[in-house]
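Laboratory data are not the source of any read-out in this text; all were calculated from the coordinates shown. Owing to the predicted nature of the structure, the values given are computational and were not obtained by experimental measurement. Here the Cβ positions follow ideal geometry from the backbone for every residue, glycine too, while neighbour counts run over all protein chains shown.
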Amino acid sequence: MCGIFGYISSEKYDVNYVGQEVSESIKHRGPDSNHIYYDQNYNALIGHRRLSIIDLSSKSDQPYVHKNVVMSFNGEIYNYKELRSELKKEGVFFKTGSDTEVLINVYTQWGIKGFQKLNGMFAVSFYDKNINKMILLRDRIGEKPILYYSKSDAFAFSSEAKSFKYFPVVRKKIKVSLDNLRKSIHMMWLDDNESTSIDGIIRVPPASYLILDLDNYSIKIEKYWSLEIEPVRLSYSQAVSRYKELLLESVKIRCRSDCGVSVMLSGGLDSSLISSMMKSINVKFDTYTLEFDSNNSEHEKAKYMADYLGVKNKAIHIDYKDAFYSLKENINLYDDLTTFDPGLITSYIASKAISKYGEKVVILGEGSDEINGGYGKFKASLYPYKILPSFLKNSIVYYASSRNNYSFNSFIASTNSLSSKLNNISGSYLQKLTGYDIQYQLPNHLLMKVDRATMAYSLEARVPFLDHNLVEFIYNLPDDFKLLRTKNHVTHKRILQDVAREYLPKQILSRKKFGMMLPIGEFISENKVFIGNLIVRNKELIHELIPNININRMLKDISNHGRSTGSEWLIWRFIIVIFWVNYSEIV
């Protein structure tokens with residue numbers, strides 16, 4: 001896991017200054033080494049910050065040069081051993097044991113078609129002097145970020161938005177996009193795979209690659225993967241067996257590391273199953289769990305699961321007041337803010353603690369709910385909801401995601417936006433909903449949070465449930481394999497529960513869902529005086545984002561612990577926006 005960046009311009013610039021300042025801005029992503037490559041022919045700078053995970057020797061440092069191609073790579077190619085064997089059969093000779101050298105040979109040997117062979121999380125730049133092109137590649141689900149800024153005479157890219165103020169073409173042009181912030185507030189995340197909350201800074205979409213022509217700065221973007229409807233024709237028991245095989249293989253290859261792995265354990269189904277599978281294949285690991293000052297704490301359940309597996313579990317305590325005051329110094333982690341996930345705070349607190357224990361890799365159970373039908377909103381695909389008109393169904397789904405009870409106009413506009421995206425996704429209504437989450441919710445909401453929080457503390461997060469082979473398989477299973485309504489009950493994640501029966505005790509299987517999110521109502525209650533003052537001091541910004549919002553009602557709700565009218569979700573979003581606008585280094 002690393003940080004990457006580059007700058008190409010028709011005008012002269014101080015290469016050492018730009019390289020040093022941009023590299024310093026993302027040093028947390030790669031503290032182990034940093035290097036730059038400069039090509040005077042195109043006035044092109046390519047940089048890299050390394051977090052060493054596989055082949056720890058300096059031979060695998062980047063930018064990596066091979067056959068007139070300069071590569072800067074962030075992420076992991078989990079199937080690098082299999083690809084290495086395949087390339088060797090074609091006569092490729094290797095000097096290192098790294099996935100870095102495998103990846104550049106995938107490109108030089110097979111070209112763009114080789115991208116289809118990759119199983120991993122990655123954001124990569126290939127500066128190809130053979131064809132005078134720069135190629136930026138992003139993984140299928142969007143686990144790893146790559147942002148860029150493009151003009152007719154310059155092009156800049158980086159792993160994080162905070163770098164862009166050091167690129168000469170961008171330096172004085174950074175402005176907050178209030179329109180995109182507004183959209184994010186209404187949805188809870190920005191369901192746009194290219195835009196950010198900063199005007200002009202754009203993301204390469206998931207499952208895509210960008211080609212920059214070095215001679216005229218023109219760009220084009222192509223997709224190399226998408227979810228396709230290919231029905232799985234297996235009996236239920238056969239599907240359970242195949243699911244187990246795919247998930248176990250995903251876990252195995254995500255445990256490949258030369259510096260060990262750990263697990264963020266909630267004591268729920270997803271992370272417990274991952275931990276149990278790791279134990280079954282003899283992986284050594286410790287587990288970490290959040291501990292809140294409330295009845296919502298997961299620690300006792302996680303400790304039970306850790307004891308069941310015979311592994312160590314360490315509690316990471318979260319104090320609500322400390323968490324609130326930590327926002328000011330940590331909001332800069334989310335520099336291209338596209339999410340208001342309640343896990344924004346808990347994710348960086350957990351990452352900081354895990355990193356202090358000396359860990360470099362943490363395995364997460366994230367993504368399972370999105371692909372397996374784990375959220376309550378997925379019940380909209382079942383009777384009686386499924387017989388409702390599409391817009392009404394979509395409005396139910398939208399409210400379940402956004403908790404928008406404050407603006408009728410934005411409710412209608414956001415539901416229309418969601419409806420438009422769902423209409424462009426094929427399959428059953430459940431497939432449309434899970435397809436939406438895979439394409440929009442995961443990369444812009446959950447995975448954005450995970451990447452920024454973990455990499456802030458030089459910690460690599462790996463997510464077995466998002467292996468594309470597993471995602472494709474689950475997406476094409478019959479709906480009732482994932483979500484089943486019986487007379488008085490709806491079973492979420494049905495097939496996953498049956499996979500887990502072989503690995504988990506009944507106490508874990510029967511647990512109700514509770515994630516590692518901050519309990520928003522309790523958080524507001526503990527900090528209500530300061531939050532009230534914060535809202536009053538920033539009335540102008542709030543009205544600029546939502547003109548007709550009733551500030552007095554918000555203040556009353558805060559005094560009632562934020563829970564009297566269900567407005568805690570809106571209050572939470574304004575807390576994040578206020579801190580981001582006032583304290584983020586990027587704006």
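General observations
- Counting only whole DSSP H helices of the chain, there are none at least 30 Å long by C-alpha along their axis and with mean Kyte-Doolittle hydropathy no lower than 1.0.
- Alpha carbon centroid spacing (whole Å) that separates region 333-401 from region 26-65: 33
- Within straight-line cross-link reach of Lys493, aspartates and glutamates at Cα separation under 19 Å, skipping those fewer than 8 residues along the same chain: Glu245, Asp270, Glu366, Asp369, Glu370, Asp437, Asp467, Glu472, Asp479, Asp480, Glu502
- With the biggest extent put first, the Cα atoms of region 2-223 measure 53, 41, 33 Å across the principal axes.
- Spin-label zone in region 435-451 - amide nitrogen under 20 Å from a point set 7 Å from the Cα of Ser390 along the C-beta vector: 435-441
- Remark: for residue pairs Lys129/Lys173; Lys67/Lys88; Lys59/Lys133, the C-alpha separation exceeds 21 Å in Lys129/Lys173; Lys59/Lys133.
- Relative compactness, region 521-583, computed as alpha-carbon Rg over 2.2 N^0.38 Å: 1.00
- Dividing the helix sum by the residues of the chain, where each DSSP H run of 4 or more adds -39500 (n - 2.57), gives a mean residue ellipticity at 222 nm of -11500 deg cm²/dmol.
- Candidates per chymotrypsin sites (Phe, Trp or Tyr not before Pro) in region 283-326, loop by DSSP, up to 15 other Cβ within 10 Å: none
- Approximating the spin labels as points 7 Å out from Cα along Cα→Cβ, the Tyr583-to-Ile549 distance works out to 1.8 nm.
- Fully extending the segment from Arg537 to Gln40, taken as 0.36 nm per residue of separation minus the present Cα-Cα distance, adds 173.9 nm.
- Label sites at Asn409 and Lys328, each approximated as a point 7 angstrom past Cα along Cα to Cβ, lie 3.5 nm apart.
- Full extension of the chain between Asp319 and Leu56 yields a length gain of 91.0 nm, computed as 0.36 nm times the residue separation minus the alpha carbon distance.
- Bridging of Lys321 to lysines at a Cα separation below 17 Å is possible for Lys528, once same-chain residues fewer than 8 apart are set aside.
- Over the Cα atoms of the chain, the radius of gyration divided by the Kirkwood radius equals 0.95; this is the Rg/Rh ratio.
- Ordered by the count of other Cβ atoms within 10 Å of each Cβ, fewest first, Lys377, Lys95 give Lys95, Lys377.
- Take the Cβ atoms of Lys220 and Lys88, set R0 to 35 Å, and the FRET efficiency comes out at 0.55.
- Fewest-first ranking of Glu21, Glu359, using other Cβ atoms within 10 Å as the exposure measure: Glu21, Glu359
- Take the Cα of Lys175, go 7 Å toward its beta carbon, and the backbone nitrogen atoms of region 307-345 under 20 Å from that spot belong to 336-338.
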